[in-house]
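The values are calculated or read from the model by the stated rules, or taken from the named source; none is laboratory data. Since the structure is predicted, the reported quantities are computational estimates derived from the model, not experimental observations. Cβ: placed from backbone, ideal geometry, glycine included. Neighbour counts: every protein chain shown. All accessible areas refer to the heavy atoms of the entire protein, side chains included, with ligands and DNA or RNA removed. Shrake-Rupley method; radii C 1.70, N 1.55, O 1.52, S 1.80 Å.
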Amino acid sequence: MNFIQDKALLVDKSAAIFDVMGLDSGKVISGIYPRRMGKTTFLQTLANFLDIIGEIPKDQREIQFRRTALFDLHPEFFDENFAKYPVIMLDFKTECPKSFDEVPSRLRDCVLTAAYKYSKLLRNIWNDVKNGYAHLGLDNNVIQQERTDIKMLIDDLDYVVANRDTKPSHLSAIASIIPTLMKVLYNLFGKRSVLIVDEYDAPFTSALCYIKDAAEKVEVQQTYSEFLCRSLKNNSYLQKGILVGVFDVRGIGLGSGLNNVESYLAHSGLSGTQSAMNPFQSAFGFTIHDVWGIINEYIDTQWSHRPDTAIDFGRFKNDLLVGCIRHFDGYRIGNVHHVFNPYAILRFIHGLSSIESPSDVVYSGHSYWVQTGSMRVLETINASSAADLSRYCSHLTSLFLRQSSYQQSVGPLAERIALDSIDDAAVDAIGSQEQPRFPSDMDKDIRKELADICMVRSGDSFPDMQNLGWGPLQAQTIMRLLYQAGYLAPIGKDCVGIPNAEVYEALEQFYKRIAEQHRISTDVLEPIQEEMGICNGNIQRFARSFHSCLINTPNLGEATLEKTYQTILSCYLFPVTRAGYSIQSEAVTGNGRADILLFPTHSRARAGSTPTSYYVIELKRYCGAITRGNAARMAPENRRAVAGTIYTQAMQAQAQIYERYYPTIADKARDCDHLYVIGISFWMNRFCMAVTKRRRTEGADGTIGWVKCPYEGGIFAERAVSYEQLGDDLENTENGGLREMIVDGSLVVMTV
């Protein structure tokens, strides 16, 4: 607990000790979470709270722990458990072997480090150095009864210490030390031991990555599995076993002998999953309240430019919190959402020391957490599986971009952006709300497939995991490992996604490196953009893909506002921004505000390599009384009436563009090849879209004009007509529920 001596800022995670030590979670539990989430720090806090023999004297520890949330929330538990147990803490990461020859010496050093403080105590007892143990209040009669066992354990320790050139033949003696120590400590203190293993998965994953010989790899994994079994299974001297790591090694090395371990991953305890609770959900990561506290503490007491009275500190703190949510939020553990990676947050806050003004803060482009690890070991993929990886990455990328765009307009983040200050009550309100999900479920098959890979399937269903570091992996295995490593995170009980912008940028580069190896498109969004159709002017394809989005969007009813439809459409279009387009909503244009403008960036428009298009979109919604409260609203006669109305509204939306915005838009689009004038009217999950396409012309004097390009085919009307005059059969639908008509050269798409 060096933070006490260093007077460092304390982010209090002590309340989680109550959950972790609870009987409901299991006698032996494992927490599997990404790196740099504060796992080791929590384990050290846990050990210092429970340990009979701590690095800091008991009275000093008690003073500090009585100031924590654990004491405030669970005083009875505090009194019953503080400094009551022998705690043995093993660190597998520090002493992790990279070959079988290293196993004996690494395991030896790990055990000796964990047993050191107790070895010192036992030697003091054996040598009757009373000032070395008198403060513990041990019963002298018990000490006399245990002298034989104490001496035997000391001899075992001396044997292991003496054999620095440790051989495999010494492994049995090494493995027996921890269980024997637990027995002796129980007899001395009358308390069972708590065994903590930090990075328990490290030897298993190290064997996969560094040892090529299959038999040797298995031998390493079996050695560590058997070592853990001797201490954690059928051990009557064990109070609690707590293992923490990054990767779930059940089925890929952790033997069946440890089938008593209750494992908890990030999604465990999430509503709708098999686990009813997650004892680690408050132990790791920073919550939004933690981040808010750190921001306040740093700006109020440590930021060197605090004396500048010209700075609006309320707005500055608000902007910092919004920036952290936007760029570093996205993890969750069990039912706790808004979980931030502590390492990334602390690095970001530390970086504020070099800025002199709030306007100097750079929120994007950081790779704090990403730089602490590498994905290189995952870049060898089976060639036959490259298409699957492309499909997964395309889905995850488009989902992330749409989610991010949606959260700019809806939910707690959107509510904070426009405000000038923030307080504790506002933070409570934000923390109580989950970030909203882009409402469409259009890619539900891929979503369910990825959720099954990451959150449901067992480790033994990924046999190619044994190739890690040496041979090609299947795309499913890569996704599984990315999820456990923290590059993907649970969004819901049946959905995983990219957690934040920092990870998104890393995954984008990861995919490009793999794509280059297999000579496939390095643009992960190319399939999505192709499906959307709008990048190359295929409006029919765009209408079909947007229909798939809208029809799978829940909670769209007769009372849904035009603004809601505008948000959904803007977010749906957002992936095209990675193809050189920009999106503007409520853009000031001519004599009003255009609902949506979609146009190529300056560089794309000037490139001239492919035709470019400018889109102006005006929206309306059905607000008639034909179907309101009508249980038979979907009957053909009612839908026909609605269809006639929204057809008229779509035409009116087009007319509004020509009346209010067209001259300004025509001038803005002068560097493009085509201009699309689009009116859309919505009714629940359905719409009518009217599209006029125009081609740029240039006169001899350089004057730019726009000539109408008539659509051909379909149900044809030579002039603008009413819906009734079209005489269309409502039930005669094609293209998955869409009907296409040509009216006076304009395309009309109906989904009603």
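Return the ratio Rg/(2.2 N^0.38 Å) for segment 120-200, where Rg is computed over Cα atoms only.
Against the empirical 2.2 N^0.38 Å value, I get 1.20 for segment 120-200.
Enumerate the amide H contacts of residue 582 below 5 Å, restricted to partners 5 or more residues apart or on another chain; note that Pro and chain-start residues carry no placed amide H.
Placed amide hydrogens put 599, 601 under 5 Å from residue 582.
Please list 3J(HN,Hα) in residue order for segment 439-447, calculated via the Karplus relation 6.51 cos²θ - 1.76 cosθ + 1.60 where θ = phi - 60°; whole Hz, with x for glycine and proline.
In residue order, the calculated couplings are x, 6, 10, 5, 10, 5, 5, 5, 4 Hz.
Run the simple label-point estimate for residue 408 and residue 94 please: 7 Å along Cα→C-beta, distance reported in nm.
Inter-label distance under the simple model: 4.7 nm.
Treat every Asp and Glu Cβ in segment 194-325 as -1 and every Lys and Arg Cβ as +1, leave all other atoms uncharged, and give the resulting dipole magnitude about the Cα centre to the nearest 20 debye.
Roughly 320 debye, rounded to the nearest 20.
Accessible area per residue for the chain in Å², computed with a 1.4 Å probe and the full protein assembly in place, what is it?
43 Å²
Please express the shape of segment 109-267 as an equivalent ellipsoid: the semi-axes are the square roots of 5 times the eigenvalues of the C-alpha gyration tensor, given largest first in whole angstrom.
The answer is 32, 19, 12 Å, longest axis first.
Rounding to the nearest 10 and keeping the result within 0 to 90°, find how far the Cα-based axis of helix 342-351 lies from the longest principal axis of the chain.
Here the helix axis deviates by roughly 70 degrees.
Calculate how steeply helix 539-551 sits against the longest principal axis of the alpha-carbon atoms of the chain, using the helix alpha-carbon long axis, and give the answer as 0 to 90 degrees to the nearest 10.
Rounded to the nearest ten degrees, it is 50.
For segment 280-288, just list the computed ³J(HN,Hα) in residue order, Karplus coefficients 6.51, -1.76 and 1.60, θ = phi - 60°, integers in Hz, with x standing in for Gly and Pro.
Values per residue, Gly and Pro as x: 9, 5, 10, 8, 10, x, 9, 7, 5 Hz.
Treating only the Cβ atoms of Lys and Arg (+1) and Asp and Glu (-1) as charged, compute the dipole magnitude of the chain about its Cα centre; round to the nearest 20 debye.
In debye, rounded to 20, the chain gives about 380.
Would you work out the charge dipole size for segment 7-145 about its Cα centre, treating the Cβ of every Lys and Arg as +1 and the Cβ of every Asp and Glu as -1, and quote it to the nearest 20 debye?
With Lys and Arg at +1 and Asp and Glu at -1, about 500 debye.
Can you list the residues, at least 5 places off or on another chain, whose amide H is less than 5 Å from the amide H of residue 262, using H built in the peptide plane?
For residue 262, whose amide H was placed from the backbone, the distant partners under 5 Å are 28, 29, 30.
Out of the total accessible area of segment 457-591 (probe 1.4 Å, heavy atoms of protein only), what percent is carbon and sulfur?
47 percent
With contacts defined as alpha carbon pairs under 8 Å and 6 or more residues apart, what's the relative contact order of the chain in percent?
Relative contact order, the chain: 10 percent.
Would you work out if segment 61-177 is rounded, prolate or oblate? Take a ≥ b ≥ c from the square roots of the eigenvalues of the alpha-carbon gyration tensor; rounded if a/c is under 1.5, else prolate when a/b is larger than b/c, oblate otherwise.
Oblate, because a/c is 1.5 or more while a/b does not exceed b/c.
Probe 1.4 Å, all protein chains in place: accessible area of residue 364 in Å², nearest 10?
Rounded to the nearest 10, the figure is 70 Å².
Are there trypsin sites (Lys or Arg not before Pro) in segment 500-540 that DSSP marks as loop and that have at most 11 other Cβ atoms within 10 Å, and which are they?
Qualifying residues, ordered by number: 519.
Pop a pseudo-label 7 angstrom from the Cα along the beta-carbon direction at both residue 376 and residue 641 and give the gap in nm to one decimal.
Once both label points are built, they end up 7.0 nm from each other.
Name the long-range amide H neighbours of residue 587: under 5 Å, sequence gap of 5 or more, or other chain; modelled H, no Pro or chain starts.
594, 597
I want to verify the translational diffusion coefficient of segment 21-68 in µm²/s; compute it with Stokes-Einstein, Rh as the Kirkwood radius over Cα pairs, at 20 °C and 1.002 mPa s.
170 µm²/s
Show me the GluC sites (Glu not before Pro) within segment 284-388 that DSSP assigns to loop and that have at most 15 other Cβ atoms within 10 Å of their Cβ.
356, 379
With angles folded into 0 to 90 degrees, how steeply does helix 214-232 sit against the dominant principal axis of the chain? Use alpha carbons for both and round to 10.
Taking Cα atoms only, the helix is inclined about 60 degrees.
When the helices in the chain are scored as -39500 (n - 2.57) per DSSP H run of 4 or longer and the sum is shared across all residues, what 222 nm value do you end up with, to the nearest 500 deg cm²/dmol?
Here the helix-only value at 222 nm equals -13000 deg cm²/dmol.
Report the Rg/Rh value for segment 447-550, based on alpha-carbon coordinates and the Kirkwood definition of Rh.
Looking at segment 447-550, the ratio lands at 1.03.
Using the Karplus curve 6.51 cos²θ - 1.76 cosθ + 1.60 with θ = phi - 60°, what ³J(HN,Hα) values do you get for each residue of segment 103-114, in whole Hz, with x for Gly and Pro?
Those phi angles translate into 4, x, 5, 5, 5, 4, 5, 5, 5, 5, 5, 5 Hz.
So I have [x] 62, 28, 23; [y] 52, 33, 22; [z] 48, 27, 22, and one of them is semi-axes √(5λ) of the Cα gyration tensor in Å calculated from this model. Which one is it?
[x]
Please name whichever of 246, 741, 619 sits farthest to the positive end of the charge dipole of the chain, dipole taken about the Cα centre and charges placed at Cβ: Lys and Arg +1, Asp and Glu -1.
246
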